[in-house]
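Just so it is clear, none of the values below were taken in a lab; they were calculated from the coordinates. Bear in mind the structure is a predicted one, so any value in this text is a computation, not a measurement. Cβ coordinates were reconstructed from backbone atoms using ideal geometry, including for glycine residues, and neighbour counts include every protein chain displayed.
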């Protein structure tokens, strides 16, 4: 049933229909399917096939979170970080994002790096931020690769290293990050060859 929900979500072999997707996810979720519970939560969070309802989204995340689904932990962390359906609690959001990041969730790694760099929900720590950005970037996260380059160029959390910064900017640019391309062009115009 979860698979049928996915077929309707993405229009695989059937006409795209969020309402039917949510219906199939709900049937599978009630039978204990963790993926369906998570997908139904997404439907409620995004208003796909059902009215937007954050309390329902959070309700359907609970079992996947207890079972260790890192995507569910990440999603709840974002809800707390941004105050979606819950009272904004940056510290709780950071703890949840950290938990998801420690279990390999790439977007959570990036978010933890951001929170550490800005002191959002935690004390600012540029060295730790740089480490999390590097972990995310090593998986192909273009914004994380850009941020590693930026930290290396500016000497945040490490000594400045323009040659290494350009390596990360090039990686980010190859992944499609327009800011990285602009930065490489800026460096080239100042006489710093990007190759």
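In table form, for the structure just shown:
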quantity: Two-site label geometry, residue 31 and residue 14: point separation in nm, points 7 Å out along Cα→Cβ; calculated: 1.3
quantity: Ellipticity estimate at 222 nm from DSSP helix runs (n ≥ 4, -39,500 (n - 2.57)) divided over the chain, nearest 500; calculated: -22000 deg cm²/dmol
quantity: Label point distance in nm, residue 174-residue 138, each placed 7 Å from Cα along Cα→Cβ; calculated: 1.7
quantity: 12, 58 arranged by Cβ crowding within 10 Å, fewest neighbours leading; calculated: 12, 58
quantity: The stretch 121-138 residues near the modelled residue 102 label - backbone nitrogen below 20 Å, point 7 Å along Cα→Cβ; calculated: 121-137
quantity: Area projected by the alpha carbon convex hull of the stretch 133-195, averaged over all directions, nm²; calculated: 3.7
quantity: Per-peptide average of other Cβ atoms within 10 Å, ordering 121-130, 154-163 highest first; calculated: 121-130, 154-163
quantity: For 73, 167, order by how many other beta-carbon atoms lie within 10 Å, fewest first; calculated: 167, 73
quantity: Calculated FRET efficiency for the pair residue 123/residue 84, C-beta based, R₀ 35 Å, to 0.05; calculated: 0.90
